[in-house]
Amino acid sequence: MKICMIGKYPPIEGGVSMNNYWVGHGLAEKGHQVYLVTNADEVEPTYRMYHEKDDLQWYEPYFKETGGFVSLRNSERFSRQRMGHIPVSNPFVTKLASLAADSVRQHDCRIIYSYYFEPYGMAGYLASRWTGVPLIIQHAGSDLERLMKSPDLSTAYREILNAADLVITHRHLVNRFIAIGVKEKKIVHDMIFGLPPKLFNPAAPPMDVSAFLRRASTHISDSLKWRSDSIDTSKPTIGIYGKVGVSKGSFDLVTALSRLKHEGLDFNLLAMTQGTQYEQFRDHILKREMESNTWILPFMPHWKVPRFIRACTAVCFLERDFPIVIHGPTIPREVLACGQCLILSSEIMKKQFYRDQLSDGVNFLLVKDPKNHEELAGVLRYVIENPHEASRIGKEAYRLSVNIEQYQEFINRYEKLFLSCGLSQDEEQEHPRFGAVMKNGAGSLDVAGAYLPCTAKLLSDALEKIASLFDLQKSSYHNNLEKAHGFCEFLIEYLRNYEIKSLPPYFADLFSYESTEIAMLAADGSNSPSFMGCDRLAASEPQDDLFADLKPLKTNYCVVKTYSYDIQGLIKLIVAGGEIPEAVEEVVTPILFVRLPNIKILKLQINQATEELLKLSDGVNTVRSIVTTLSHFNGASSSNDPSRLERQVKVILSQLYQSGVIIYS
């Protein structure tokens, strides 16, 4: 099959680039012809891999046995002379859409696959419309959770997702795409990545770091240079790789290691890292007097990562407080697959689908909170003082990896998906549709349990009877989200007519809380934007001298519900399986429900002052007039100190703005 892929690719660093590389490589190995369109050669130095002559053969792999290959087409680098316009921008979408359409027409590609919304999904959408070739779109964490939150971008992303023939996501995000308007039968989930075992295994030869530094020292840009002297491989080596950052735990690691150095321990820190916080990271190393222990390498191509891992005694992945909640990096699995000791943060451990198979001290080492530098130093001390134990843990890690890595199945699923979407009607008769496409029609009992978990738990035995009565209506629903919304309406009517004596007094609040989220997901927002206006600040902080004249405007998709109990606390207790006391204290609790442009539902506990502030945030009232109104609302104490009230209003508005609840028109 001839496939047009549009997306990140080496020398771009990161998980999306890695996924695209191995999907293309694996499909080519099976005999498919992959025409990959990318702007990878234009990536900024901050996120650019360093490659050598021996890497060139990997960029466009060709498999003589099957005839499959990857043919790479990079966009022309931007120049003002050839592409300049005012205001200046690099026209990535236009370039990639043109190249993709040309590739599809020239090579008769049967499918277009775009991974990441910007610019690849947009380019894929245009190329698909121009050529009539089916489009498959896949998202990552940051494009869905960060880019799509922007009102200026979200409408375009909703349009391309609804136009796509298939959308690849994760099981727990299916409802968000249904709420966007994507038909459930077009949603594919559980395309679990698999690492190629030919490269990621304990037999991978360790990287000769000293030889690499000697070769690369004259080619690496000055901004990335650190040192080129030899590293003593007889010492325990602690490794990290990937983007550098505070939330990545990079600075925590240096701080903890500096403690051990001052205790007299001797070791190496080997870091393959770059990123926007790279200069601060280097400064932190100097400040902590860690420069004599540290060697920094540039980003390496995906196929050389195993050699880096094998050069380390242990490799750390200490991500914590990461702003993209659904971010699911594969670095931990790469370390496990190479049979090396993995030091992992609790935050990332909990995100792994194989977390139940991880055992602290057996096949990995756990750091509950990398910000606790004493705890982190203790784990690192154990590795440095007991490298043989680290080796033992690495061997157990490999045994785990063998059970969880399914590279061939990963490639087979993409192959089956592409074939099912790119075949003609005649060809489809010989090839069944891809089995992982979501199917709706779950039973009402299952829908209630999935969408109203706490409500269902409190209904207990009565739930089965209520679900049966609901099914007797024989109502038709397009998807399970619609069905859940219908069940909520039915349950409200049922509770009006029938009493369930075993229900606790807080049941109504809890059901309202869960059903409100369903209602906001199910609300049709396809023709109504989140904000009826443009953001005057464009995500920047307001200047003090201009702040009073700004006009806060709340989103069209927000509602405040006031409850008689600490409903969020109760839900946490129920979900955790805790015992709820018979007498629950009543406490007035306003909850703000917000549907963000990326269809994520925020549930924020607020106070009465914030509720009043939101009512006044209509895009007409200025901050100055809002402060005046609130001063009258709050009484004489506020009138006597208007500057204090203004400061309080600014703090609250700033929090609402950062959360995406308001803009300034």
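Does region 209-404 classify as rounded, prolate or oblate by the C-alpha gyration tensor (a ≥ b ≥ c root eigenvalues; a/c under 1.5 gives rounded; else a/b over b/c gives prolate, otherwise oblate)? Because its axes are fairly even, with a/c under 1.5, region 209-404 counts as rounded. Under a model in which nothing but the beta-carbon of Lys, Arg (+1) and Asp, Glu (-1) is charged, the chain shows a dipole of about 1140 debye around its Cα centre. When the convex hull of its Cα atoms is viewed from all sides, the chain shows a mean projected area of 35.5 nm².
Looking at the chain, which longest stretch skips every one of the trypsin sites (Lys or Arg not before Pro) that is in a DSSP loop with at most 12 other Cβ atoms within 10 Å, leaving the sites themselves out? Please list the in-between numbers first.
Working: sites that count: LYS64, ARG77, LYS198, LYS350, LYS439, LYS474, LYS501.
The segment 502-665 is the longest one with no such site.
Percent antiparallel among DSSP beta bridges with both residues in region 2-188, to the nearest 5?
Numbers: 3 of 28 bridges.
So the antiparallel bridges amount to about 10 percent of the total.
Considering only LEU144, GLY14, SER154, the residue lying farthest towards the positive end of the dipole of region 2-188 is SER154, judged by Cα position with unit charges set on Cβ. Helix-only arithmetic for the chain: the sum of -39500 (n - 2.57) across DSSP H runs with n ≥ 4, divided by the residue total, places the mean residue ellipticity at 222 nm at -12500 deg cm²/dmol. Of VAL209, SER359, PHE317, whose Cα points farthest to the positive end of the dipole of region 209-404 (charges on the beta-carbon: +1 Lys, Arg; -1 Asp, Glu; origin at the Cα centre)? About the Cα centre, the residue reaching furthest to the positive side is VAL209.
Rounded, prolate or oblate, given the Cα gyration tensor of region 556-665, with a/c below 1.5 counting as rounded?
Oblate is the answer for region 556-665, as a/c is 1.5 or above yet b/c matches or exceeds a/b.
Taking the Cα centre of region 2-77 as origin, work out the dipole magnitude from +1 charges on Lys and Arg Cβ and -1 charges on Asp and Glu Cβ, in debye rounded to 20. Let's see the in-between values first.
Details: 8 positive and 11 negative charges, 60 e Å.
Using Cβ point charges on Lys, Arg, Asp and Glu, region 2-77 gives about 280 debye.
Rounded, prolate or oblate for region 291-435? Axes are the square roots of the Cα gyration tensor eigenvalues, ordered a ≥ b ≥ c, and the cut-off for rounded is a/c under 1.5.
Working: a/c = 2.33, a/b = 2.24, b/c = 1.04.
Cα axes put region 291-435 in the prolate bin.
Building the convex hull from the alpha-carbon atoms of region 72-135 and averaging its projection over directions returns 4.7 nm².
Restricting to the chain, what percent of DSSP beta bridges are antiparallel, rounded to 5? Can you show the working numbers first?
On the way: 19 of 63 bridges.
Approximately 30 percent, going by the DSSP bridge assignments.
Membrane-span-like helices of the chain, defined as complete DSSP H segments with a Cα extent of 15 Å or more along the helix axis and a mean Kyte hydropathy of at least 0.5, are identified as 507-522.
Compactness of region 1-50, taken as the C-alpha radius of gyration over 2.2 N^0.38 Å, stands at 1.17. A P(r) calculated from all alpha carbon pairs of region 2-188, with 10 Å bins opening at zero, reads 9, 35, 37, 16, 2, 0 percent.
List the longest stretch of the chain that has no exposed loop site; here a site is one of the GluC sites (Glu not before Pro) assigned by DSSP to anything other than H, G, I, E or B, with at most 11 other Cβ within 10 Å.
On the way: sites that count: GLU65, GLU263, GLU289, GLU430, GLU499, GLU579, GLU582, GLU585.
No qualifying site falls inside 66-262, the longest such stretch.
Between LEU491, PRO590, ILE606, the Cα set farthest toward the positive side of the dipole of region 491-621 (charges on each charged residue's Cβ, about the Cα centre) is that of LEU491.
Ignoring chymotrypsin sites (Phe, Trp or Tyr not before Pro) that are buried or in helix or strand per DSSP, and keeping those with at most 13 other beta carbon atoms within 10 Å, what is the longest stretch of the chain between them? The reported range is 1-352.
Could you give the size of the charge dipole of region 110-224 about its Cα centre, using +1 on the Cβ of each K and R and -1 on the Cβ of each D and E, expressed in debye and rounded to the nearest 20?
Numbers: 13 positive and 10 negative charges, 59 e Å.
Dipole size: approximately 280 debye.
Using the structure shown, select from LYS30/LYS304; LYS248/LYS416; LYS350/LYS416; LYS615/LYS650; LYS235/LYS371; LYS474/LYS561 the pairs with a Cα to Cα distance greater than 24 angstrom.
Details: LYS30/LYS304 22 Å; LYS248/LYS416 36 Å; LYS350/LYS416 30 Å; LYS615/LYS650 16 Å; LYS235/LYS371 26 Å; LYS474/LYS561 32 Å.
Going by Cα-Cα distance, LYS248/LYS416; LYS350/LYS416; LYS235/LYS371; LYS474/LYS561 fall outside the 24 Å limit.
All of the numbers you see were taken from the coordinates with simple rules; none came from a lab. None of the values given here were measured: they were computed from a predicted structure. Don't worry about glycine lacking a Cβ; one is built from the backbone with ideal geometry, like all the others, and counts go over all protein chains shown.
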